[in-house]
Amino acid sequence: MAQAAKRVGILTAGGDSPGLNAAIRGFGKAAIGRYGMELIGFRDGIRGLAENRFIELDKRSLSGILTIGGTILGTSRDKVQRMLLDGEVRDAIPTIVDNYRSNNLDALVMLGGGGTAKNAMRLVDAGLNVITLPKTIDNDIAMTDTSFGFATAMEIATEAIDRLHSTAHSHHRIILTEVMGHRAGWLTLGAGIAGGADVILLPEIPFSVESIAETVKQRMAGGSTFSVIAVAEGARDIIDTADLQAAELLSRNAKTIEAKKAAAQHLANVTDGQREHTFKLARQLEEATGLESRVTILGYVQRGGTPCATDRLLASRLGSAAAELVASDTYGVMVAARGEGTEPVALSEVAGKVKYVPSDHEWVETARSMGVGLGE
Ligand code: F6P
């Protein structure tokens, strides 16, 4: 007897990232066209899943979205186990399970980063069939070579660093560019090398202001009266890094409710005190080198707009691979990018882990051997 067509839900969660629509389309085209599945798209990530807000997706709705930035479904940063629903903060997992069942879903495909993998893991534990696809401009998801969004963001940040050179050069200034990436330095390192930054500062390598000033002064001695510095949003000097790590440790180790509250407040204060770190560094460098300094925060421009070809290709490959996994009833996995192929990886290997830049990574060694300052 012929099997009933599978009915699948799809959603995009966490910060948006170029390539989300390409992945929805890649999955949808294969799921509907090749396997005859039915597809619904939940609005606004986990929020729509908990509130049962969705649209039916067919071939028509997937047409023309490959090149569009953002996500046609909308997104949010909710946590399944603790979200504001119907005026109260509560565990949304039972509601989500009900919605999954009442929509007769056979599987749920979640496009997201590390936080989404954690949410997915919780839903797997509640008995749902879930697959995730790695999405983030930060490239910090464990167990996958890369994630869609990263290549586009790297292009944008690289172009910005390129453009800052001529103005830094003309005015004999130091220009610091703050690049996204959360607590990982991939985006800054990749764009910094590709854009020819003179100094690259990463969260993984706490910096000393003296060392950066020394690099700038050496350049001045060689006749280059300007410097372009790529600063990861998570990069800190040695002292700030130690303060932050101590506050995080305190927060992780707090046992009682009182201690947890106090530790959370302390961590918030430390984080808040470090908010303007790139501006602080600019002032310190101005003082240490005598060169005028300026700051450019690249911000959300790195996440916006059409995905580059590399991300469209990656998102399409991962999306269609996910459809094959649903067809073969393989769940509880993230579809990882592995070389030129894809591979299902258990969600338990991904959730709660972060892929940082190893301090001896090949890209770091490349920067070192080209004489790029890392503030070490
Ligand atoms: O994770 C992607 C990212 O763009 C990070 O690079 C950045 O730190 C963060 O999201 C910004 O988050 P939000 O969209 O919540 O402001």
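Hydrodynamic radius of the range 222-324 by the Kirkwood approach over all distinct alpha-carbon pairs: 17.9 Å. Could you state the orientation-averaged shadow area of the convex hull built on the Cα atoms of the range 78-228, in nm² to one decimal? Mean shadow area of the hull around the Cα atoms is 12.4 nm².
Please state the shape class of the range 332-376: rounded when a/c is under 1.5, otherwise prolate if a/b exceeds b/c and oblate if not, all from the C-alpha gyration tensor. Before the final figure, lay out each step's value.
On the way: a/c = 6.00, a/b = 2.24, b/c = 2.68.
It is oblate, given that a/c is not under 1.5 and a/b is not larger than b/c.
If you take every residue apart from residue 344 with its C-beta less than 12 Å away from the C-beta of residue 344, what net charge results, scoring Lys and Arg +1 and Asp and Glu -1? Combined, the nearby Lys, Arg, Asp and Glu give -3. Using only the C-alpha atoms, the convex hull of the range 36-136 corresponds to 105 Å³ per residue. Charge tally for residue 167 (other residues, Cβ to Cβ under 10 Å; Lys, Arg +1; Asp, Glu -1): +3. Here each label is just a point 7 Å from Cα along the line to Cβ, and for residue 210 and residue 53 those points are 5.5 nm apart.
Spin-label model, residue 306 to residue 276: label points 7 Å out along the Cα-to-beta-carbon direction sit 3.9 nm apart. Based on Cα contacts under 8 Å between residues 6+ apart, the chain shows a relative contact order of 24 percent. With a Förster radius of 22 Å applied to the C-beta separation of residue 91 and residue 264, the computed FRET efficiency comes to 0.65. For the chain, complete DSSP H runs whose alpha carbons reach 20 Å or more along their own long axis and whose mean Kyte-Doolittle score is 0.5 or higher are 309-327. For the range 1-92, the alpha carbon convex hull comes to 99 Å³ per residue, rounded to a whole number. Taking Cβ atoms as reference points and 14 Å as the exclusive limit, the residues near residue 217 contribute a net charge of -4, counting Lys and Arg as +1 and Asp and Glu as -1. Ratio of Rg to Rh for the chain: 1.02 [Cα atoms; Kirkwood radius as inverse mean 1/r over pairs]. Full extension of the segment from residue 362 to residue 346, taken as 0.36 nm per residue of separation minus the current Cα-Cα distance, would add 3.1 nm.
Calculated [222 nm] ellipticity per residue, helices only, for the chain: -13000 deg cm²/dmol; basis is -39500 (n - 2.57) per DSSP H run with n ≥ 4, divided by all residues, nearest 500.
Here, each number is a calculation from the coordinates, and none is a lab measurement. The structure displayed is predicted, hence computed values, not measured ones. Backbone-built Cβ (ideal geometry, glycine too); neighbour counts: all protein chains shown.
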